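Engineer: Provided herewith is a single structure, encoded as structure tokens, for subsequent inquiry.
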Amino acid sequence: MGIGHMGVALAAKRVAPGASLGVLFLAAELLDLLWPFFLLLGLEHVRISPGWTLLSSLDFYDYPITHSLATVIGWSGVLAIAYYAARRDLRAAWVIGIAVTSHWVLDAVVHRPDLPLAPGSGVYVGFGLWNSRAATTIVEAVIFLAGSALYLRSTAARDGAGRYGLWALLALCAVIGVGTWVGQPPPPSVHALAIGGLGLWLFLPWAWWVDRHRGPAR
């Protein structure tokens, strides 16, 4: 899933107002933020297989460290505990942990059965929504738009940066969503895919900066 994860981060601000949107983006996208590093290190693997699904040419045949359910629960706990140790906000820590796990759940909706339950497990989960352009569009758009609406209702801009910076962020997310739904050419190589995937990290300081320029809605 693409911008659906971002929708989760935006919605999470409603129930964890003390957490920065940058941290919530980190939580909701953690698995995909880590995955390029494991690809580059050769610890996880993917095949570029045009036509693998209607909307993705990627065959995720080996990524148990970042995307197995067991390790995802572990990543959830690590990030939640780290946040609680730093901020002493138990509610936000729980929300952050849940946001990490939500990534696996949403991926299971769109992926083919390639998400392992645990490293070494022969059981894989995936319902293959990426084989339906219409269904993928509806599901991702609903999650993203609902999350955006909740964030907008929960916060108010303090200045132009908080107002226009947010709309620019949401617009870029929407462009990425359209690119996913329309379909994109396969990446030239796995290395190029991993390097491109590192660009997702740029959303974190942007989300953190926007959130600093917004406050609770009155």
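Engineer: Largest first and to the nearest Å, give the Cα extent of the chain along each principal axis.
Structural biologist: If we take the Cα atoms of the chain, the spans are 49, 37, 28 Å.
Engineer: Can you pull the Rg over Rh of the range 15-58, Cα-only, Kirkwood?
Structural biologist: Working: Rg = 15.1 Å, Rh = 12.8 Å.
Radius of gyration over Kirkwood radius for the range 15-58 works out to 1.18.
Engineer: So, one more: For the chain, take the longest principal axis of its alpha carbons; what is the angle in degrees between that and the long axis of helix 133-154, to the nearest 10 within 0 to 90?
Structural biologist: Tilt relative to the chain: about 20 degrees.
Engineer: Could you check the simple spin-label distance between ALA156 and ARG91, using points 7 Å along Cα→Cβ, in nm with one decimal?
Structural biologist: 1.9 nm
Engineer: Here's something else I'd like to know. In whole angstrom, how long is each semi-axis of the equivalent ellipsoid of the range 144-206, when you take the square root of 5 times every eigenvalue of its Cα gyration tensor and sort them from largest down? Before the final figure, lay out each step's value.
Structural biologist: Working: eigenvalues 162, 42, 16 Å².
Output for the range 144-206: semi-axes of 28, 14, 9 Å.
Engineer: Something else: Taking amide H positions as placed in the peptide plane 1.01 Å from N, state which residues far from ALA156 in sequence (5 or more) or on other chains have amide H under 5 Å from it.
Structural biologist: GLY215, ALA217
Engineer: Near the amide H of GLU44, under 5 Å away, which other amide H atoms are found, from residues 5 or more places off or on another chain, if H is placed in the peptide plane?
Structural biologist: HN-HN under 5 Å from GLU44: LEU39.
Engineer: For the chain, take the longest principal axis of its alpha carbons; what is the angle in degrees between that and the long axis of helix 69-87, to the nearest 10 within 0 to 90?
Structural biologist: Tilt of helix 69-87: around 20 degrees.
Engineer: Using only Cα atoms, tell me the angle between helix 3-15 and the longest principal axis of the chain; keep it within 0 to 90° and round to the nearest 10.
Structural biologist: It is inclined by approximately 30 degrees.
A short reminder: the numbers here are calculations on the coordinates, not readings from a lab. From a predicted model like this one, the values you see are computed outputs, not experimental measurements. Neighbour counts are summed over all protein chains in view; Cβ atoms, including those assigned to glycine, are modelled from backbone coordinates with ideal geometry.
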